[in-house]
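A.B. asks: Pasting a structure here, questions to come.
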Amino acid sequence: MLKKSSLNTFVIILITSSLFGQRNYFQQEVNYTINVSLNDVKHELSAFEKIEYINNSLDTLHFIYFHLWPNAYKNKETALAKQLLENGETTMYFAKESDLGYIDSLNFLIDNQSIKWEYDVEHIDICKLILNQPLLPNDTIQITTPFHVKLPSAKISRLGHIDQAYAITQWYPKPAVYDNNGWHPMPYLNQGEFYSEFGSYDVKITLPQNYVLAATGDRIDAREEILWLNKKVAETEKMIEEKKYSKDNSFPPSSTELKTIQFKQYRVHDFAWFADKRFHVLNGKVELPHSGSSVDTWAFFTNNEPELWSKSLEYIADATLFYSYLNGDYPYNHVTAIDGTISAGGGMEYPNITIIGESHNDLTLETTIMHEVGHNWFYGILGSNERDYPFMDEGLNSFYEMRYMRTKYPDLTLKEAFGNNKILNFLGLNKFKHKSQYELSYLLAATRNVDQPIGIKAPEFTNYNYGGIVYSKSALVFDYLMNYIGMERFDEAMQFYFENWKFQHPSPDDLVNTLQYYLNTDMQWFLKDLLLTKEKFDYKICKHKQLEDNSHVILVKNQNKIPDPVSLSGLKNGKLVGTVWYNGFKGKKVFEFPPSEVDNFVIDYNGAIPEINRKNNNIRTKGILKKREPLQLNFIGKIDNPHYTQLNYLPILGYNQYNKFMLGCAFYNYNIIQRKTEFTIAPMYAFGTNSPVGFADITQNITQNNSIFQQITLNAKLKSFAYDFVNTTFFNENNSTHFKSFYLNYYKIAFNVDFELKKKRDRSSITQHIGYTNTNIFNDNVSYHLNYADSTLSTINKNTSTSLINNFYYSFKDSRVINPYSVLFNLQHNDKFGKASITLNYAITFKNKNSLDLRLFAGAFIYKASNFNHDYRFRMSSFSGYQDYLYDYNYIGRNEISGLGAAQMVEQDGAFKVWTPLGQTSKWLVALNIKSPKVGKLPFKLFADIGASEFNESLYKDKFLYDVGLDICLWKNVFEVFVPFAYSNDIKNALILNNRGNFFETIRFTLNLHNIKPKEIINNNIF
Ligand SMILES: [Zn+2]
């Protein structure tokens, strides 16, 4: 807090009390006394808690909601268990009973009288204490209870232990918040952690003597303990100085003697403690920028990453200084960070103390420590309701995290941020400022229209958006606001906010109204457009004209719905001439720019606006192609860079048995950020046929808010390769002709329109698509004409046939992490046939991403013309190359009946792994395919297929066909090798009849390179 004269402060208090006077703000006070002891053999806590509850509201209370959060770990039906599973985390789902946890032995008394209390009907980690006598406004009651906690595995969430490393967080019975909106009972969740009453804590912890203990609050009367810690500090400093780091992370035996340490802290809303016998300890001091008083800094860490942690005090001190300077001095006596290699990664904030996960590099450790320390302000001191408004702490805190990095490391690029990863550098990350981390994370969701408004409740965010929106987009919009307001005034306003709301529960309205009041400017647009909607920014420069007085007029179009402020900068020779902020508008507007020498105008030059398309933000005042950015050709690809027109290229080498080796180059504009138009052109030269081949693909992505569709995609595909070789030798010999051998080519042109339906709930794992594909195949055919009278008149002709196939589909996919399934309906037709099919996939999930996979296929013909083409039949066997009549897949040998080419297959229709000519039908077919989970550590699975089709007595003896065998699953759905052990007699006979009965010839494989689509991998794995 910048110091104001006391008169000023007085005036401000007067004004604010009248400004906020009508809000009827109150908050309850809750003071705790807890005695707890740790049993480090059974991993249990035994405790007694005494709570003083002061009713500061104007309401008479008849009951009090309590949180019993250790019960969140009790079974797999809790809100926590469900949220973890929805987020794709299966640790708790597959946890052993002994890794779960709970709280019990409760016996609530109020003012020493027993009372009635009951568990919440829905959530076992909430209960309700029914008061014998109503609690009147301004009255105080004393609530007591013993409790016992069985600690869960700390791998599940935040409370628990890994072996004898203890993280005792969110662990004691605690009243829910009662505020102007009534009670806020909430089950414990991983996503959206806190809303708690402020008060004081007096906690006595008993545990074996050789535990190093770190907690919220100050140690009371603990001279011996402090001397012991100081000894540890000296040892740690020596270890760092001599760089004698050990890798030993084993736990020493616990002393038989116990110790009890008392901690006290006022004006906090939570209390956490951590105990580990292995901790090294560092201790330092930092002087606060405004008051000049000093604060202790502590770091506790294990042998996991001691070298990284040797610099941890610097990070703790810098974060404390930075937040104190910008917002207001740290009001407690110590700031502590502990190394919690027990947690899965990242970090977690508690008052005074934060737990930090494994970091791997300096920058990640510093970022995590400073972020978590920063939460002392945005969470600890400004105790907003994180469950309902997560951006109030995670968002604002990420904004300060971004500023901390920008201030301390102005030249920091994403290279350092991502840990100097070679692949990421290759993608161009080293060219991007640290801020791009937040931008890319927001754009990844926004360009796919799967983003969400910042202002929604924590549990409603998708797992991705909790980071991409709550953290990243919030940081961007507050940076935008700061740039618009001006940094100095913005910081003053934030200090005013801190001073007025510290140790309270500010809401988003309180934040915006406080800033609005201080800045004396309208701020509702910020709340309405940027926090409550997911509308995007896309300003575009249309035209520029220079007037006679050397001033400029620039026509700018707002391509989106939010009319919020925008800046325009003039540049000369790449140097900034000046920047002007303009008020927001809808549609088009002419900007006037003062007389100046400018050769280039740029919207949002310093990247302060969360723009989703920067490619249209630029215009040169002279020359042709004024809006075109220079072309940048990138090998493989680079991250989106607005300063270039980017085109990626990748030399490609292909092979099939006819074209032989093919060499070419793919040019494409795909990127992790989805573009409206995306394309690939891949011309190649085939050395076997000495001819051009290749493929091309263009996609138009249409996203609109308020539509029933999440996204509409239009796509056109083109491809051409050879698919057979016609060897004329035999024909020439028999007919005394001299025809040259030749190749047959195919050309495919397909159009697809796909509608992805909007989800009912953003977090839903269900996606649905409806679409239509029109496939046109032009393929060379060979026709032989034999003239029996005069064989020299016999001819071989190559002609082209055309076929068109329409396909309508509907797909439903639930990609939930446990037992995902999907259903696909297909209706295929042209003038020769019409057929319908349904494919059902269901996986039964086991631990470690292992699953039993079931697939059911059923298909039937609806009609068949007299000139029906046999190519369109259903087939029991997975498709060989020549059966892929839509030319959808890539085969090594599309027309082979022996050798490697013949062994390649695609699991379609009946999807039998063994090849068979049986079960080719133009009536109906059903089949069930089973793949077992992996057997052991090797990629071995078992498969079994069973199917039936139109029964043909001349071909079959068995009404059902089957095969079983080994699936060597080298890359699921891409590269699998199938070795059949046994199959129906009918199949055996047919194999012999076709000369394919030899064991090695029954082995087939899939090589579905078409399933490796970076974009789908992003869509399926991130969203
Ligand atoms: Zn955070």
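The values are calculated or read from the model by the stated rules, or taken from the named source; none is laboratory data. Treat the numbers as computed from the prediction; the structure is a model and nothing was measured. Reconstructed Cβ throughout: ideal geometry from the backbone, glycine too, with neighbour counts over all protein chains shown. Remember, those area values only see protein heavy atoms, side chains included, never the ligands or the DNA or RNA. Shrake-Rupley method; radii C 1.70, N 1.55, O 1.52, S 1.80 Å.
A.B. asks: Inspect all residues belonging to region 333-356 and state whether any of them is open to solvent by 10 Å² or more (accessible area, probe 1.4 Å), modelled with pLDDT of 95 or more, away from the ligand (no atom under 16 Å from the Cβ) and over 23 Å from the mean Cα position of the chain (by Cα).
C.D. replies: Yes, that holds for at least one residue.
A.B. asks: Are any residues in region 545-576 more than 21 Å from ASN483 (Cβ to Cβ) and either among the acidic types (Asp, Glu) or open to solvent by 30 Å² or more (accessible area, probe 1.4 Å) (or both), and if so, which ones? Before you say what the answer is, go through the steps one by one.
C.D. replies: From region 545-576, those more than 21 Å from ASN483 (Cβ to Cβ) are 545-553, 555, 557, 561, 572-573; that's our starting set.
Once the filter is applied, which keeps residues that are more than 21 Å from ASN483 (Cβ to Cβ) and either among the acidic types (Asp, Glu) or open to solvent by 30 Å² or more (accessible area, probe 1.4 Å) (or both), region 545-576 yields LYS545, GLN546, LEU547, GLU548, ASP549, ASN550, VAL553, LEU555, LYS557, LYS561, LYS572, ASN573.
Table: residues versus (1) open to solvent by 40 Å² or more (accessible area, probe 1.4 Å); (2) among the hydrophobic types (A, V, I, L, M, F, W, C); (3) out of contact with any His (no Cβ under 8 Å at 6 or more places or on another chain).
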| residue | (1), (2), (3) |
| --- | --- |
| LYS719 | no, no, yes |
| ALA722 | no, yes, yes |
| SER741 | yes, no, yes |
| ASN745 | no, no, yes |
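A.B. asks: Would you tally the residues in region 45-68 being open to solvent by 40 Å² or more (accessible area, probe 1.4 Å) and acidic (Asp, Glu)?
C.D. replies: 2
A.B. asks: Looking at region 529-536, can you tell me whether even one residue there is over 25 Å from ILE485 (Cβ atoms) and either among the polar types (S, T, N, Q) or open to solvent by 10 Å² or more (accessible area, probe 1.4 Å) (or both)?
C.D. replies: If we filter region 529-536 for residues that are over 25 Å from ILE485 (Cβ atoms), which is where we start, we get none.
There is no residue in region 529-536 that is over 25 Å from ILE485 (Cβ atoms) and either among the polar types (S, T, N, Q) or open to solvent by 10 Å² or more (accessible area, probe 1.4 Å) (or both).
A.B. asks: In region 921-934, how many are within 44 Å of the chain's Cα centre (by Cα) and of a type outside the set (A, V, I, L, M, F, W, C)? Before you say what the answer is, go through the steps one by one.
C.D. replies: Of region 921-934, the ones within 44 Å of the chain's Cα centre (by Cα) are 924-934.
Retained after the next criterion (residues that are of a type outside the set (A, V, I, L, M, F, W, C)): 929, 931-934.
Matching residues across region 921-934 total 5.
A.B. asks: Here is a follow-up. List the number of the failed condition for ASP754; all other conditions in (1) assigned to a loop (DSSP other than H, G, I, E, B); (2) surrounded by 15 or more Cβ atoms within 10 Å (Cβ to Cβ); (3) free of Cβ contacts under 8 Å to residues at least 60 places away in the same chain hold.
C.D. replies: All conditions are met except number (1).
A.B. asks: Contact list please: Cβ distance under 6 Å, first residue in region 606-619 and among the basic types (Lys, Arg), second residue surrounded by fewer than 22 Cβ atoms within 10 Å (Cβ to Cβ) and in a loop (DSSP other than H, G, I, E, B), pairs at least six apart or on different chains.
C.D. replies: Final answer for the pair search is ARG614/PRO642; LYS615/PRO642.
A.B. asks: Based on what the data block shows, is PHE940 touching a strand residue (DSSP E or B) at 6+ places or on another chain (Cβ under 7 Å), surrounded by fewer than 17 Cβ atoms within 10 Å (Cβ to Cβ) and under 30 Å from GLN657 (Cβ atoms)? Give the derivation first.
C.D. replies: Working: touching a strand residue (DSSP E or B) at 6+ places or on another chain (Cβ under 7 Å): yes; surrounded by fewer than 17 Cβ atoms within 10 Å (Cβ to Cβ): yes; under 30 Å from GLN657 (Cβ atoms): yes.
Spelling it out, PHE940 is indeed touching a strand residue (DSSP E or B) at 6+ places or on another chain (Cβ under 7 Å), surrounded by fewer than 17 Cβ atoms within 10 Å (Cβ to Cβ) and under 30 Å from GLN657 (Cβ atoms).
A.B. asks: Something else now. Starting from region 371-387, keep only residues that are small (Gly, Ala, Ser), then list their pairs with residues that are near the ligand (Cβ under 10 Å from one of its atoms) and assigned to a strand (DSSP E or B) whose Cβ atoms are within a distance under 9 Å, requiring at least 6 positions of separation or different chains.
C.D. replies: Pairs found: GLY374/GLU349; GLY380/GLU349.
A.B. asks: Another question about this same structure. Do we find a residue being open to solvent by less than 20 Å² (accessible area, probe 1.4 Å), within 16 Å of the ligand (Cβ to nearest atom) and touching a Pro at 6+ places or on another chain (Cβ under 6 Å) anywhere in region 477-488? Spell out the reasoning first.
C.D. replies: We begin by selecting, within region 477-488, every residue open to solvent by less than 20 Å² (accessible area, probe 1.4 Å); these are 477-482.
Narrowing further to those that are within 16 Å of the ligand (Cβ to nearest atom): 478.
Within this subset, residues satisfying the condition of being touching a Pro at 6+ places or on another chain (Cβ under 6 Å) are none.
There is no residue in region 477-488 that is open to solvent by less than 20 Å² (accessible area, probe 1.4 Å), within 16 Å of the ligand (Cβ to nearest atom) and touching a Pro at 6+ places or on another chain (Cβ under 6 Å).
A.B. asks: Conditions first: (1) in contact with a helix residue (DSSP H, G or I) (Cβ under 7 Å, 6 or more places away or on another chain); (2) open to solvent by 10 Å² or more (accessible area, probe 1.4 Å). TYR188 passes all but one, so which condition is the exception?
C.D. replies: (2)
A.B. asks: Here is a follow-up. Would you mind finding the one in ILE796, ILE766 that is more than 23 Å from PHE868 (Cα to Cα), among the aliphatic types (A, V, I, L, M) and in contact with a helix residue (DSSP H, G or I) (Cβ under 7 Å, 6 or more places away or on another chain)?
C.D. replies: Numbers: ILE766 fails: in contact with a helix residue (DSSP H, G or I) (Cβ under 7 Å, 6 or more places away or on another chain).
Only one candidate passes the filter, namely ILE796.
A.B. asks: Answer with yes or no whether THR413 is within 13 Å of the ligand (Cβ to nearest atom) and among the polar types (S, T, N, Q). Step through it out loud before you land on a result.
C.D. replies: Details: within 13 Å of the ligand (Cβ to nearest atom): no; among the polar types (S, T, N, Q): yes.
Against the criterion (within 13 Å of the ligand (Cβ to nearest atom) and among the polar types (S, T, N, Q)), THR413 does not qualify.
A.B. asks: For region 72-116, give me each residue that is in contact with a Ser or Thr (Cβ under 7 Å, 6 or more places away or on another chain) and aromatic (Phe, Trp, Tyr).
C.D. replies: PHE108
A.B. asks: Here's a follow-up. In region 866-893, which residues are touching a residue at least 40 places away in the same chain (Cβ under 8 Å), under 15 Å from TRP915 (Cα atoms) and among the charged types (D, E, K, R)?
C.D. replies: The answer is ARG875, and nothing else.
A.B. asks: Same structure again: Here are some residues: ASN606, ASN659, ASN618. Which one is among the polar types (S, T, N, Q) and touching a Gly at 6+ places or on another chain (Cβ under 7 Å)? Give the steps one after another, and end with the answer.
C.D. replies: On the way: ASN606 fails: touching a Gly at 6+ places or on another chain (Cβ under 7 Å); ASN618 fails: touching a Gly at 6+ places or on another chain (Cβ under 7 Å).
Unique residue meeting the criteria: ASN659.
A.B. asks: Now a separate question. Is at least one residue of region 842-860 of a type in the set (S, T, N, Q), over 28 Å from the mean Cα position of the chain (by Cα), exposed (fewer than 15 other Cβ atoms within 10 Å of the Cβ) and not in a helix (DSSP H, G or I)? Write out each step before concluding.
C.D. replies: Going residue by residue through region 842-860, those that are of a type in the set (S, T, N, Q) are 845, 848, 850-851.
Then drop every residue that is not over 28 Å from the mean Cα position of the chain (by Cα), which leaves none.
Taking every residue of region 842-860 in turn, none turns out to be of a type in the set (S, T, N, Q), over 28 Å from the mean Cα position of the chain (by Cα), exposed (fewer than 15 other Cβ atoms within 10 Å of the Cβ) and not in a helix (DSSP H, G or I).
A.B. asks: Here is a follow-up. So, in region 655-675, of the ones that are under 36 Å from the mean Cα position of the chain (by Cα) and modelled with pLDDT of 90 or more, which residue ends up surrounded by the fewest Cβ atoms within 10 Å (Cβ to Cβ)?
C.D. replies: Of the residues in region 655-675, the ones under 36 Å from the mean Cα position of the chain (by Cα) are 664-675.
Filter again for modelled with pLDDT of 90 or more, leaving 664-668.
Details: GLY664: 20, CYS665: 14, ALA666: 20, PHE667: 16, TYR668: 18.
Among those that are under 36 Å from the mean Cα position of the chain (by Cα) and modelled with pLDDT of 90 or more, it is CYS665.
A.B. asks: Then there's this: Going residue by residue through region 304-321, is there one that turns out to be more than 14 Å from the ligand (Cβ to nearest atom), out of contact with any Asp or Glu (no Cβ under 7 Å at 6 or more places or on another chain), under 26 Å from SER507 (Cα atoms) and open to solvent by 10 Å² or more (accessible area, probe 1.4 Å)?
C.D. replies: Taking every residue of region 304-321 in turn, at least one turns out to be more than 14 Å from the ligand (Cβ to nearest atom), out of contact with any Asp or Glu (no Cβ under 7 Å at 6 or more places or on another chain), under 26 Å from SER507 (Cα atoms) and open to solvent by 10 Å² or more (accessible area, probe 1.4 Å).
A.B. asks: Going through THR802, THR839 one at a time, which residue ends up being free of Cβ contacts under 8 Å to residues at least 40 places away in the same chain, open to solvent by 40 Å² or more (accessible area, probe 1.4 Å) and of a type outside the set (A, V, I, L, M, F, W, C)? Outline the logic, then answer.
C.D. replies: Values: THR839 fails: open to solvent by 40 Å² or more (accessible area, probe 1.4 Å).
Criteria check complete, one pass: THR802.
A.B. asks: If a residue must be open to solvent by less than 10 Å² (accessible area, probe 1.4 Å) and within 13 Å of the ligand (Cβ to nearest atom), how many such residues does region 383-401 contain?
C.D. replies: Residues in region 383-401 being open to solvent by less than 10 Å² (accessible area, probe 1.4 Å) and within 13 Å of the ligand (Cβ to nearest atom): 13 in total.
A.B. asks: Please enumerate the residues belonging to region 502-514 that are crowded, with 21+ Cβ neighbours inside 10 Å and either under 21 Å from TYR582 (Cβ atoms) or in contact with a strand residue (DSSP E or B) (Cβ under 8 Å, 6 or more places away or on another chain) (or both).
C.D. replies: Once the filter is applied, which keeps residues that are crowded, with 21+ Cβ neighbours inside 10 Å and either under 21 Å from TYR582 (Cβ atoms) or in contact with a strand residue (DSSP E or B) (Cβ under 8 Å, 6 or more places away or on another chain) (or both), region 502-514 yields HIS505, PRO506.
A.B. asks: For region 872-888, how many residues are assigned to a loop (DSSP other than H, G, I, E, B) and surrounded by fewer than 20 Cβ atoms within 10 Å (Cβ to Cβ)? Please lay out each step first, then the result.
C.D. replies: In the first step, residues of region 872-888 are kept if they are assigned to a loop (DSSP other than H, G, I, E, B); the result is 873, 876, 878, 880, 884-888.
Filter once more, keeping what is surrounded by fewer than 20 Cβ atoms within 10 Å (Cβ to Cβ): 884-886, 888.
Number satisfying all stated conditions: 4.
A.B. asks: Right, another one. Looking at SER436, SER441, SER398, SER384 in this structure, which one is at pLDDT 95 or above, within 19 Å of TYR464 (Cβ to Cβ) and of a type in the set (Gly, Ala, Ser)? If you could, list the steps in order and put the result at the bottom.
C.D. replies: On the way: SER436 fails: at pLDDT 95 or above; SER441 fails: at pLDDT 95 or above; SER384 fails: within 19 Å of TYR464 (Cβ to Cβ).
When all the criteria are applied, what remains is SER398.
A.B. asks: Specify which of the listed residues (TYR379, TYR325, TYR404) is within 15 Å of the ligand (Cβ to nearest atom), surrounded by fewer than 24 Cβ atoms within 10 Å (Cβ to Cβ), part of a helix (DSSP H, G or I) and of a type outside the set (S, T, N, Q). Full working, then the answer.
C.D. replies: Values: TYR379 fails: surrounded by fewer than 24 Cβ atoms within 10 Å (Cβ to Cβ); TYR325 fails: within 15 Å of the ligand (Cβ to nearest atom).
Of the residues listed, the single one that is within 15 Å of the ligand (Cβ to nearest atom), surrounded by fewer than 24 Cβ atoms within 10 Å (Cβ to Cβ), part of a helix (DSSP H, G or I) and of a type outside the set (S, T, N, Q) is TYR404.
A.B. asks: Any residue in region 602-609 that is open to solvent by 70 Å² or more (accessible area, probe 1.4 Å) and among the polar types (S, T, N, Q)?
C.D. replies: yes
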